[in-house]
Amino acid sequence: MPTNDSSPLVAWLNASRPQTLPAAWTPVWIGSAFAFYEGGFSWVVFTLALTSASLIQIGTNFANDYFDSKTGVDIDRIGFERPTSSGALSSKEMAWGTTITMILAFLSGLGLVWIAGLPILWIGLASLLFGIAYTGGPFPLAYNGLGDLFVWLFFGVIAVMGTTYAHLQEWSETAFWLGSATGALCINILVANNLRDIEADRKAHKRTVGVLFGERFLKMEYTSMIGLALGIHGWLYLSSGFEAWWALVVVIILPFLVLPLKQVWHHHDKSILNGTLKQSALVLMIYGLSVSSSLILTRLLSS
């Protein structure tokens, strides 16, 4: 039975962690906008990809909630309340929620497989598998210092390249670089989370990058991921012979980086990093919308 007065609907909403959804939406926006830029956009593909990505993100969050409560790593957390650990939802309910959400993600992805073929099937199956393996299974990625690599790969490179491929049925080097920049900014959501929870993770023997290498490393990682994203866009502009002006729109995120960078480097209270996590997600969303809009506008102006 729940131990608080929250309704089941509120508990499920909290478990879905809507503040993390920009990590699912941004690569679909960018991959779809780049496909539009290349002349191969499909509203059906966009809708199916956005639905599948959102469900995989939510399913991964549910699985994270379930496995963290089972292993006890949620004890003494500073972060957002976890419905399973707090008693708002039972472990059985969360297990069913994870299963149903992942099945719905698979079913929505079948439409993309029908349109774009087997490469999308393998991408979808890998995303579902690693979404569970992030905190579950015999070698949880998040507990063994591989969470950052997982985020960069699946919420960056694979997501952007896979979305672009679903539209165009061909692979793109530019989509790889856009995915790398997207993944770098996605990592910063995780870095803010790990910096906030570093002491609780250490007590729970959760070997995150922060536990393995320390707080200073996380602060440097957060800063370097911003530099990586900006550097990639600078390189895309220069390598295009100064024609890819859309790549320079990335500078729009600069004013929004001041506060989270200050909080990461100079916080005195770990609870402040809850806001840093949200701000990092906002930066990612602004990045996705600005880059996508510039790609679409470039195509429209050249028509």
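The values are calculated or read from the model by the stated rules, or taken from the named source; none is laboratory data. Remember, predicted model here, so these are calculated numbers, not experimental data. Positions of Cβ are generated from backbone atoms using ideal geometry, with glycine treated the same way; all protein chains shown enter the neighbour counts.
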Among the residues of region 169-209, the number that are acidic (D, E), assigned to a loop (DSSP other than H, G, I, E, B) and buried (at least 20 other Cβ atoms within 10 Å of the Cβ) is 1
### Message
Regarding region 42-49, can at least one residue be identified that is free of Cβ contacts under 8 Å to residues at least 12 places away in the same chain and part of a loop (DSSP other than H, G, I, E, B)?
### Response
no
All conditions in (1) without any contact (Cβ under 8 Å) to a residue 60 or more places away in the chain; (2) outside any loop (DSSP other than H, G, I, E, B); (3) not hydroxyl-bearing (S, T, Y) are true of F139 except (2)
Of the listed residues (T182, T174, T208), the one being touching a Pro at 6+ places or on another chain (Cβ under 6 Å) and touching a residue at least 40 places away in the same chain (Cβ under 8 Å) is T182
Those residues of region 1-14 which are under 30 Å from T182 (Cβ atoms) and either modelled with pLDDT of 85 or more or surrounded by fewer than 18 Cβ atoms within 10 Å (Cβ to Cβ) (or both) amount to W12, L13
